[in-house]
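Inspection log for the structure reproduced underneath, given as structure tokens.
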Amino acid sequence: MDIEDRWGLSLVMEHVVTPADTGGSTGGDSAVDFEEFYCREFTRFVALAAALTGSRSGAEDIVQDAMLDAHRRWERIGRYESPGGWLRRVMVQRSAKVHRKRSNEHRAHERAVQVEGRCRVQEPVDPVLLQALRTLPARQRAVVALHYLEDLSVVDTADLLDLSPSTVTTHLARARRALLSALTSQQDQEADHG
């Protein structure tokens, strides 16, 4: 496997504009410079980003995004004394953002676990009912969930879904018929097999 396939360079490079595409050179063949830069630095950048994030896949995402930004601005960045320095700075900033996001998600999860421990836990929806609900069209499923599970009135359900109350009533009637049929059919199948 060559480096283009391994690191996805072909995806980035297929959008490279060559001097011939722009009608002439703009002070150097920056497309070739970018390709050489990418091939030379990508593996080192992934190692750096992996050290910053603690995740190989996350590191590759950060480097790909940073390389894409560099490619978009290569006419300017390619002239920097150290284009790699610019890219390292971008990667450090993005890695910090990923770290903050993970920390925030972890703290939110911890708070949710603490709150859940203090709350009365409701029984989840019956799995048989959930399976029957999945057979409904999305709009009917939403109407049933809001009206019956969330205990919203027809008017409140209509307001929330931007429907008329009569449309909600129609969806409820059709959903009840479909659920009755699905649940009866499932009950008959269980009786035959049980």
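Quick rundown of the values:
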{"quantity": "Accessible area of L52 in the full protein assembly, 1.4 Å probe (Å², nearest 10)", "calculated": "70 Å²"}
{"quantity": "Segment 103-184: C-alpha pair distances exceeding 16 Å, %", "calculated": "60 percent"}
{"quantity": "Summed side-chain charge close to W86 - residues other than W86 whose Cβ falls under 12 Å, Lys, Arg +1, Asp, Glu -1", "calculated": "+2"}
{"quantity": "Of every Cα-Cα pair in segment 43-130, the percent that sits beyond 17 Å", "calculated": "61 percent"}
{"quantity": "Residue order for D126, D162, D69 - accessible surface, 1.4 angstrom probe, largest first", "calculated": "D162, D126, D69"}
{"quantity": "Solvent exposure, largest accessible area first (probe 1.4 Å, DNA, RNA and ligands not counted), of R89, R174", "calculated": "R89, R174"}
{"quantity": "Burial order of peptide ranges 71-78, 59-66 (average beta-carbon count within 10 Å, highest first)", "calculated": "59-66, 71-78"}
{"quantity": "Contact order normalised by residue count of segment 29-162, Cα under 8 Å, 6+ apart, percent", "calculated": "17 percent"}
{"quantity": "Portion, in percent, of the accessible area of segment 148-194 that falls on carbon or sulfur, probe 1.4 Å", "calculated": "51 percent"}
{"quantity": "Sequence of L180, L68, L136 when ordered by accessible area, the most exposed leading, probe 1.4 angstrom", "calculated": "L180, L68, L136"}
{"quantity": "Per residue, in Å², the accessible surface of segment 53-194 once ligands and nucleic acids are set aside, probe 1.4 Å", "calculated": "71 Å²"}
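The values are calculated or read from the model by the stated rules, or taken from the named source; none is laboratory data. All figures in this text were calculated on a predicted structure; none of them were measured in a lab. Every residue, glycine among them, receives a Cβ derived from its backbone with ideal geometry; neighbour counts consider all protein chains shown. For accessibility, only protein heavy atoms count, side chains too; no ligands or nucleic acids. Shrake-Rupley method; radii C 1.70, N 1.55, O 1.52, S 1.80 Å.
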